[in-house]
């Protein structure tokens, strides 16, 4: 689960991580109170930061939500020093309009929240990130002197500038590793000492909140040699949210695809894509392979949809509803391996769901595993617009041919 910058900073502050202070607002009626609150804290310079679930906000372009050809402002993050009037004018212009960055795609995201934050003077930007390295089942801390830029570009063009430290899960971050990171970032004196405290608190936060990603970009060295998070990105592990019931309130449904939200209510793993072949598969690996086969056969997958191990009649029907909500879908491919669930039960579920929903597009079904022959017979004798397939290749070719006919 992704959360906004202001939410991430609120969490990090509870763990003693030094962050840029600020106040989130959702309407311009709250702007003056936010400024006054910051002034009471001694803040004299101000930054207005758009809050969307995407990177590259500072270099993005804000478009009018009603006329997408009209550019409202270049940049979704602006520093205004002590000029509150200009900050207010900018905030009023970008709030509720559309911000397009290199991560949002051309459709962009609507700015529904602004973070009115303290403006800070600093002398250096760094990068710091923590995530799970699945290749060796350890958390890895990545750091670079090249902060404030796209870390993917740094990794591709100058990988030697990225420092990586792997943490043994049984013992956690060690002091010598914290020092190794500080040396790698070329820190000295007070900044060196402050970084040791910073990374220790940050790693503790990462583990205790069950994050899957924690990224600070940029991490700054202030003019008085303090280490501070100027930005913060946290992704929370969905599988661990039951341990943190209060984090559910941090979820911003406005930032998520409506179909993905609906799918999650039925415990379906769904991701919308740009193609025209709807996919319904049990198991993430099989789903990935199915999408590859569709591409090889000349088709374009419209989604990733993992219905899980059971693939019951109810699950299949819910899956159909989600897939058919995408108007681009011209055919559906169901690829189920009957291990936990028998193929004939899945076939009956497909037939029942097809009748209940009166599915308007052709459906190709490949069922392999327990009672696969019985399942094929059920599908072939259904009298519906359902075509059974035996092999992976046959299923992919059938579904692309069905689209061509339509």
In region 248-288, what residues are within 20 Å of residue 359 (Cα to Cα) and either within 17 Å of the chain's Cα centre (by Cα) or part of a loop (DSSP other than H, G, I, E, B) (or both)? 259, 262, 263, 266, 268, 270, 272, 275, 276
Just one of (1) touching a residue at least 40 places away in the same chain (Cβ under 8 Å); (2) assigned to a loop (DSSP other than H, G, I, E, B) trips up residue 172, so point out which. (1)
Please go through region 1-34 and give me each residue that is assigned to a helix (DSSP H, G or I), touching a helix residue (DSSP H, G or I) at 6+ places or on another chain (Cβ under 8 Å) and either buried (at least 19 other Cβ atoms within 10 Å of the Cβ) or modelled with pLDDT under 95 (or both), ordered by number. 7, 11, 12, 31
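Pick out, from region 98-153, the strands (runs of 3 or more DSSP E) lying fully within it that include 3 or more residues that are out of contact with any helix residue (DSSP H, G or I) (no Cβ under 7 Å at 6 or more places or on another chain).
Numbers: elements: 98-100, 114-118, 122-133, 138-144.
Strands (runs of 3 or more DSSP E) meeting the threshold: 98-100, 122-133, 138-144.
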Only listed residue being outside any loop (DSSP other than H, G, I, E, B) and either in contact with a helix residue (DSSP H, G or I) (Cβ under 7 Å, 6 or more places away or on another chain) or closer than 30 Å to residue 362 by Cα (or both), chosen from 214, 219, 228: 214
Is region 302-309 home to any residue that is out of contact with any strand residue (DSSP E or B) (no Cβ under 9 Å at 6 or more places or on another chain), modelled with pLDDT of 90 or more and assigned by TED's automatic domain parsing to the domain that holds residue 375? no
Residue 186 is checked against (1) more than 28 Å from the chain's Cα centre (by Cα); (2) farther than 20 Å from residue 16 by Cβ; (3) part of a helix (DSSP H, G or I) and fails just one. What number does that condition carry? (3)
Which number in (1) surrounded by 22 or more Cβ atoms within 10 Å (Cβ to Cβ); (2) under 22 Å from residue 352 (Cα atoms) marks the one condition that residue 299 misses? (2)
Is there a residue being farther than 27 Å from residue 134 by Cα, crowded, with 17+ Cβ neighbours inside 10 Å, free of Cβ contacts under 8 Å to residues at least 60 places away in the same chain and not assigned by TED's automatic domain parsing to the domain that holds residue 48 anywhere in region 228-240? no
With respect to residue 254, is the statement that it is surrounded by 14 or more Cβ atoms within 10 Å (Cβ to Cβ), in contact with a strand residue (DSSP E or B) (Cβ under 8 Å, 6 or more places away or on another chain) and touching a residue at least 12 places away in the same chain (Cβ under 8 Å) true? no
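This table checks each residue for (1) in contact with a helix residue (DSSP H, G or I) (Cβ under 7 Å, 6 or more places away or on another chain); (2) surrounded by 23 or more Cβ atoms within 10 Å (Cβ to Cβ); (3) part of a strand (DSSP E or B).
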position: 290; (1), (2), (3): no, yes, no
position: 305; (1), (2), (3): yes, yes, yes
position: 323; (1), (2), (3): no, yes, no
position: 337; (1), (2), (3): yes, no, yes
position: 354; (1), (2), (3): no, no, no
position: 365; (1), (2), (3): yes, yes, yes
position: 374; (1), (2), (3): yes, no, no
position: 387; (1), (2), (3): yes, no, yes
position: 397; (1), (2), (3): no, no, no
Out of 70, 107, sole residue that is over 20 Å from the mean Cα position of the chain (by Cα) and either under 24 Å from residue 274 (Cβ atoms) or surrounded by fewer than 17 Cβ atoms within 10 Å (Cβ to Cβ) (or both): 70
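The values are calculated or read from the model by the stated rules, or taken from the named source; none is laboratory data. The model shown is predicted, which means the values in this text are computed figures rather than measured ones. No Cβ is skipped: glycine too gets one built from the backbone with ideal geometry, and neighbour counts run over all protein chains shown.
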